[in-house]
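Inspection log for the structure reproduced underneath, given as structure tokens.
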Amino acid sequence: MKSNKHDEMSPGMKVKPGWRIKVGFTIFIASIIWPVFMPVLLLFGVSTGSVVKLSGMLLLAAEVMLVTAAILTGKEGFAYIKQRVFGWLKSYSPPQTVSASRYKIGLVMLTVPLLFTFLAPYLGTFVSKPIAGNIFLAVAADISLLISLFLLGGDFWEKLRALYVHGAVATLPDADDYK
């Protein structure tokens with residue numbers, strides 16, 4: 001049995017993107033984007049039952065497309081595609097450390113949607129229904145929450161991760177650091 005010299009995601013891997021890799025890449029991207037359009041069917045007045053059935057078929061088709069892309073490109077080609085896609089996504093990841101003002105803005109953008117979501121069921125008794133049950137406010141709150149996670153930076157992700165690690169201990173900076 002011949003051993004593989006390169007790890008699957010090795011950056012030193014030299015693969016020239018020929019037609020098979022280009023077609024496989026197109027199928028790979030289509031298999032990822034395809035399921036995103038499922039909720040659009042509701043906008044066209046398609047019944048919920050039909051959307052559920054079609055969603056199942058579309059998800060199955062997306063999986064078949066992904067396997068087809070892997071077969072078409074081969075192991076090295078599929079690793080090349082994954083390396084390019086995840087390398088591109090990594091370039092948009094949040095920075096490790098951020099400024100204090102950016103961090104505070106991110107905390108406000110994180111906290112306000114969480115409070116809104118928590119208090120929305122109770123707001124209906126005190127304020128009018130258009131405010132408490134407004135879908136646009138709920139979507140805006142979700143978008144604000146997602147943006148805040150990028151504004152808070154990589155250090156916040158580590159803090160968030162530490163919540164789920166039993167042995168993690170919080171280390172607070174000295175009071176002099178706040179001045």
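The values are calculated or read from the model by the stated rules, or taken from the named source; none is laboratory data. The model shown is predicted, which means the values in this text are computed figures rather than measured ones. Neighbour counts run over all protein chains shown; Cβ positions are idealised from the backbone, glycine included.
Below are the figures for this structure:
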read-out	value
Single residue of the range 99-132 satisfying the filter (surrounded by 14 or more Cβ atoms within 10 Å (Cβ to Cβ) and either at positive phi or of a type in the set (Gly, Ala, Ser) (or both)) that is modelled with the highest pLDDT	106
Test: residue in the range 81-102 that is over 23 Å from the mean Cα position of the chain (by Cα), in a helix (DSSP H, G or I) and aliphatic (A, V, I, L, M)	yes
Output for the range 30-42, where each listed residue is out of contact with any Ser or Thr (no Cβ under 7 Å at 6 or more places or on another chain), surrounded by 13 or more Cβ atoms within 10 Å (Cβ to Cβ) and without any contact (Cβ under 8 Å) to a residue 24 or more places away in the chain	41
Contacts under 7 angstrom Cβ, first residue in the range 59-71 being not assigned by TED's automatic domain parsing to the domain that holds residue 25, partner modelled with pLDDT of 85 or more and of a type in the set (A, V, I, L, M, F, W, C), 6 or more apart	none
When residues of the range 85-98 are limited to those that are touching a helix residue (DSSP H, G or I) at 6+ places or on another chain (Cβ under 9 Å), loosely packed, with under 14 Cβ neighbours inside 10 Å and not aromatic (Phe, Trp, Tyr), the one farthest from residue 154 (Cα to Cα)	93
The range 47-66 - residue that is surrounded by fewer than 14 Cβ atoms within 10 Å (Cβ to Cβ) and among the β-branched types (Val, Ile, Thr) and, of those, nearest to residue 78 (Cα to Cα)	64
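One line per residue, one yes/no per condition, for (1) in contact with a Pro (Cβ under 7 Å, 6 or more places away or on another chain); (2) closer than 27 Å to residue 36 by Cα:
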position: 52; (1), (2): no, yes
position: 58; (1), (2): yes, yes
position: 73; (1), (2): no, yes
position: 78; (1), (2): no, yes
position: 98; (1), (2): no, no
position: 101; (1), (2): no, no
position: 112; (1), (2): no, no
position: 119; (1), (2): no, no
